[in-house]
C-alpha cells in the first residue's frame, strides 16, 4: 500500500527523460547546457535569430564594386583597373590583417587574387574598431617618410558622415545603396584620407574622401525556407535581427520566407520607443535592421512583456545579457564567443536555423511523452493501492503480496523511463500552436485522466478476483487476477504511449516489446513452475479462466487507447 501511494518513479522519469533528451538533441547538433530548457524548448512562441550565419551561410563573397564613375559585378573576368582597383585596395587596407570577420576575409582574398601584394604589408600604425556611435573600421598605414594613408570601411551612413558629404550627395548615394541592398547584398562604403601629419586621436576630425561601395553576397542556407515553413505551421513567429541595411534585411527575409508585411524595425526607432510602445510594435514586426548587440536585450524584454516565450540566438560578448534574459538562450558553436556560450542554455554546433526548429520539434515530443509517462505512472498505482487494500476491507483473501508488488515495479520502472521516452512524436506535432505558457506539465486534467484509467484497471481486476474466488480455489483466483493486472499494466502502457500514429511494431517501440516479452516469460514461469507458484502464492488458472483474465486485461487497460483512436480517426471520404 505504501509503495503504491508513493510514485517514486517521478524523479527517475524526469532525470532519464532530460538526460536522453539532451543526448537526442546532441545528435541534432544542439548541445544542452541546462537540462531544464529541454522541456521549455517545445513551448517557444518566438524565435529571434541572427541573419548572418544562422539564416545565411556566413560565406561572404564580394559580388559588386561601385565607384562614382564605374561599376562591376565580380566574376571570373579580368580584374578591374582605375577607380575600382583603388576601391578594392582601400577596402583591403580597412580590413583586419588577420581577418576573422567573413567580410574582411572576402575583401582580402579578392584583393590578393586580383592584385597580389598590392595591399600594404605589415601592421597598421593605428586602428579604430567598430563602435556604437561610429559603425566603421578605420586603419592608418605608414608609407614612405612621413606619408600616411587612412582607410575606412563600414556602414554607408557612418562613412558618409566621415566624408562630410552634402545632403544631395548623401541622397544620391543612398539611392545606389538601396538599389544594391534590394538585390540582397550587404553594402559597405569605403573612404580614405591621406597626409603627412600625425593622425588625430579622433578620426572624426579628419575629412575622408569617398571612394565607393562594396556589395557582399551571403546566400540563404538551403534548409532555411523549409524550416521556416515548419516553424510557421507550428505557430512560432520567426524574427530576423541584423545590423545590415534595412533593404538588405528585407531582401534576405523575402528569400528565406520570413513575413515582411510588418515592415522593418530600425535600431534608431527602437531606441526612441518606450517599453510599452515597443511591446506593441513587436507584435507585428518580423524584421529588425541596424540593430546593435545591446538592443537585442530590449527586443527580448519587449517580447516577454507581450507574453511570448522567447528563444534568442547570439554569438558576441554583448549578446550575453539578451541570452540570459530570454527564456531560451541559444549560442553559436562555431562563431560564438565563450561568454555567449556560458550565458546560453543551448549551443548550436552547426550554427544552423534548421537545428533550432529541429530542437523545438524534439522539445515538443519530449514534453508530450513526459506528460504521458507521468499519467501512466499515476494511473498504474491506483489499481496497486486498491488491490492491496480493498479485498482485505471486504473480508476476502489478500490479493497482493510483496513479491507481486516487486514484480510489478520491475515492469513499471523501465516502461515509464524508457518506453515513453523512445515513443515517436505525433505526426501533427509541428502543426499545432505552442502550448500556453502557464500550462502545467501534470495538472488537474492529467490527474483526472490517470485516475479514470487506474480505476478502470482496478475495477476489472478486482471484479475478476471476487468473481473467481466464488468459483475457483484461492490460488487460482489470485493467479488469474495477477495475470490480468500484469497484462493490463502492459496494455495500459501501450495505450498511453502509442499516440503518435506510428505502427504498433515500429522499431522505436522495440524496447516496449522486449520488456513485454520478458515480463510475459517470467509471468508464464510464475504461473506454471511449482516453486515460483508457491513463492507468489498462485496456481495455474484453468484454460477458461486465463482467457477471461486476458480479456479483462485487454478491456480494462486498452479501452482508453481504442477510444482515442476512434476519436482521432479521420472521417471517411
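Looking at the range 122-133 only, could you name the residues that are under 34 Å from the mean Cα position of the chain (by Cα) and touching a residue at least 60 places away in the same chain (Cβ under 8 Å)?
Within the range 122-133, 132 is the sole residue that qualifies.
Quick one: which residue in 263, 284, 267 is on the phi > 0 side of the Ramachandran plot and not assigned by TED's automatic domain parsing to the domain that holds residue 187?
263
Each row is one residue, and each column tells you yes or no for (1) surrounded by 14 or more Cβ atoms within 10 Å (Cβ to Cβ); (2) within 19 Å of residue 383 (Cα to Cα); (3) not assigned by TED's automatic domain parsing to the domain that holds residue 485.
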site	(1), (2), (3)
421	yes, no, no
443	no, no, no
446	yes, yes, no
452	no, yes, no
460	yes, yes, no
467	yes, yes, no
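I'd like to verify a number: residues in the range 234-251 that are under 17 Å from the mean Cα position of the chain (by Cα) and outside any strand (DSSP E or B), how many?
3
Could you list, in sequence order, the residues of the range 217-233 that are crowded, with 21+ Cβ neighbours inside 10 Å and either part of a helix (DSSP H, G or I) or under 15 Å from the mean Cα position of the chain (by Cα) (or both)?
Scanning the range 217-233 gives 224, 227, 228, 231.
For the range 306-314, does any single residue satisfy the condition of being in the same structural domain as residue 48 (by TED's automatic domain parsing) and over 30 Å from residue 19 (Cβ atoms)?
The answer is yes, given that some residue of the range 306-314 is in the same structural domain as residue 48 (by TED's automatic domain parsing) and over 30 Å from residue 19 (Cβ atoms).
Looking at residue 433, is it within 30 Å of residue 304 (Cβ to Cβ) and without any contact (Cβ under 8 Å) to a residue 24 or more places away in the chain?
No; evaluated as a whole, the condition is false for this residue.
Would you confirm whether any residue within the range 441-448 is within 20 Å of the chain's Cα centre (by Cα), over 23 Å from residue 1 (Cβ atoms) and modelled with pLDDT under 85?
yes
Name, by its number, the condition in (1) touching a residue at least 40 places away in the same chain (Cβ under 8 Å); (2) outside any helix (DSSP H, G or I) that does not hold for residue 395.
Unmet for residue 395, out of (1) touching a residue at least 40 places away in the same chain (Cβ under 8 Å); (2) outside any helix (DSSP H, G or I): (1).
Filter the range 1-25 down to residues that are touching a residue at least 60 places away in the same chain (Cβ under 8 Å) and within 13 Å of the chain's Cα centre (by Cα), then give me how many there are.
Residues meeting the conditions: 3.
Suppose the filter is free of Cβ contacts under 8 Å to residues at least 60 places away in the same chain and over 43 Å from the mean Cα position of the chain (by Cα); does residue 164 pass it?
yes
Farther than 30 Å from residue 432 by Cβ, touching a strand residue (DSSP E or B) at 6+ places or on another chain (Cβ under 7 Å), assigned by TED's automatic domain parsing to the domain that holds residue 134 and surrounded by 23 or more Cβ atoms within 10 Å (Cβ to Cβ) - does that describe any residue in the range 200-209?
yes
Considering only the range 1-115, give the strands (runs of 3 or more DSSP E) lying wholly within it that have at least 3 residues that are assigned by TED's automatic domain parsing to the domain that holds residue 140 and surrounded by fewer than 19 Cβ atoms within 10 Å (Cβ to Cβ).
It comes to 70-73.
Determine whether residue 383 is at pLDDT below 85, in the same structural domain as residue 443 (by TED's automatic domain parsing), under 21 Å from residue 560 (Cβ atoms) and in contact with a helix residue (DSSP H, G or I) (Cβ under 9 Å, 6 or more places away or on another chain).
no
The values are calculated or read from the model by the stated rules, or taken from the named source; none is laboratory data. Since the structure is predicted, the reported quantities are computational estimates derived from the model, not experimental observations. Reconstructed Cβ throughout: ideal geometry from the backbone, glycine too, with neighbour counts over all protein chains shown.
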